[in-house]
1. In this structure, does S106 turn out to be farther than 25 Å from G209 by Cβ and open to solvent by 20 Å² or more (accessible area, probe 1.4 Å)?
2. Has the stretch 137-158 got at least one residue that is within 16 Å of ligand 1 (Cβ to nearest atom), of a type in the set (G, A, S) and within 23 Å of G79 (Cα to Cα)?
3. Check every one of the strands (runs of 3 or more DSSP E) wholly within the stretch 110-220 and list those with 3 or more residues that are open to solvent by 10 Å² or more (accessible area, probe 1.4 Å) and not aliphatic (A, V, I, L, M).
4. Condition first: surrounded by 19 or more Cβ atoms within 10 Å (Cβ to Cβ) and not polar (S, T, N, Q). Now tell me which residues in the stretch 24-39 satisfy that.
5. Here is a list of conditions, (1) within 15 Å of ligand 2 (Cβ to nearest atom); (2) more than 19 Å from the chain's Cα centre (by Cα); (3) of a type in the set (A, V, I, L, M, F, W, C), and V237 meets all of them except one; can you say which number that is?
6. Considering only the stretch 71-84, I want to know if a residue exists there that is within 16 Å of ligand 1 (Cβ to nearest atom), of a type in the set (V, I, T) and touching a helix residue (DSSP H, G or I) at 6+ places or on another chain (Cβ under 6 Å).
7. Going through the stretch 1-23 one residue at a time, which ones are open to solvent by 30 Å² or more (accessible area, probe 1.4 Å), farther than 12 Å from C54 by Cβ and within 18 Å of the chain's Cα centre (by Cα)?
Amino acid sequence: MSVTIKSEHEIELMREAGRILSIVHDEMAKVIRPGVTTMAINRKGEEVIRSYGCIPSFLNYNGYPASICVSVNEEVVHGIPDKKRVLKEGDIVSLDAGVIYKGYHSDAARTHAVGEISEEDKKLIAVTKQSFFEGVKMARAGNHLFDISKAIQDYAESFGFSVVREMVGHGIGKKLHEEPQVPNFKPIGRGMKLRPGMTLAIEPMINRGKKEIWKLDDDWTCVTRDSQNSAHYENTVLITEGEPELFSYNKDLA
Ligand code: MF3
Ligand code: CO
């Protein structure tokens, strides 16, 4: 399947899917504190998703066993919630969630501090979030896809951090993963031209240390090879004639 251009009606449904997801993230952020389990965060997220009549899109996706990906410290993405995994002061935790509203997807991730964290981790979280916004500045009709990729990479690397290569952002709509792939590093070439009505999940995964990762034996959890911490930030974005619209972001919420 090729890149889809969304109709005004589809955009309205995706806007609502995103609005709900921003609330899901805000509600999950409120339960984060030392002593909470990663499973409790998953339960809260799923409860809020269902309370809006939505479906958690990750549950059973390619066999993924939960609704929310909860990735702690050196875990990059796809951490599996566990009732025995207790967050402690000084951890950082990345939450990735997706909802389906009336057949349309939104996808977003946030990285949070657990209690007081190190200055370097505060910087990692802030730079990862800002690298997303640097990418978004380039997400405009007439620009090319890899303008987004380059902006993310240049920003993150200017702080000495590294960009994960194995996983990338993606088109999103009736399916969680649509074309095109949206790398967080610049490949050769410019990529396709951006057009109004394209919807993209832009999602930098940024490591404190080296870029290399590997997968744990659970076949899901991705961790940094050097065991240094990693952060993730993602929103579902609409390309327009002018300013991009961030469906899953509300500046007054988490
Ligand atoms: N947010 C992830 C992505 O963009 C999806 C998580 S994979 C799942 O690819 F299996 F957990 F759903
Ligand atoms: Co995604």
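1. Here the answer is no, as S106 does not meet what is asked.
2. There is no residue in the stretch 137-158 that is within 16 Å of ligand 1 (Cβ to nearest atom), of a type in the set (G, A, S) and within 23 Å of G79 (Cα to Cα).
3. Answer list for the stretch 110-220: 178-182.
4. V24, H25, M28, I32 - these are the residues of the stretch 24-39 that are surrounded by 19 or more Cβ atoms within 10 Å (Cβ to Cβ) and not polar (S, T, N, Q).
5. (2)
6. No - not one qualifying residue is present in the stretch 71-84.
7. Answer for the stretch 1-23, where residues must be open to solvent by 30 Å² or more (accessible area, probe 1.4 Å), farther than 12 Å from C54 by Cβ and within 18 Å of the chain's Cα centre (by Cα): just R15.
Quick grid of which residues meet (1) out of contact with any Ser or Thr (no Cβ under 8 Å at 6 or more places or on another chain); (2) of a type in the set (D, E):
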| residue | (1), (2) |
| --- | --- |
| R50 | yes, no |
| V86 | no, no |
| D91 | yes, yes |
| I100 | no, no |
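The values are calculated or read from the model by the stated rules, or taken from the named source; none is laboratory data. Here the structure is a predicted model, which is why all the values come from computation and not from measurement. Because the Cβ atoms are built from the backbone with ideal geometry, glycine has one as well, and the counts that use them run over all protein chains shown. Side chains included, ligands, DNA and RNA excluded: accessible areas come from the protein's heavy atoms. Shrake-Rupley method; radii C 1.70, N 1.55, O 1.52, S 1.80 Å.
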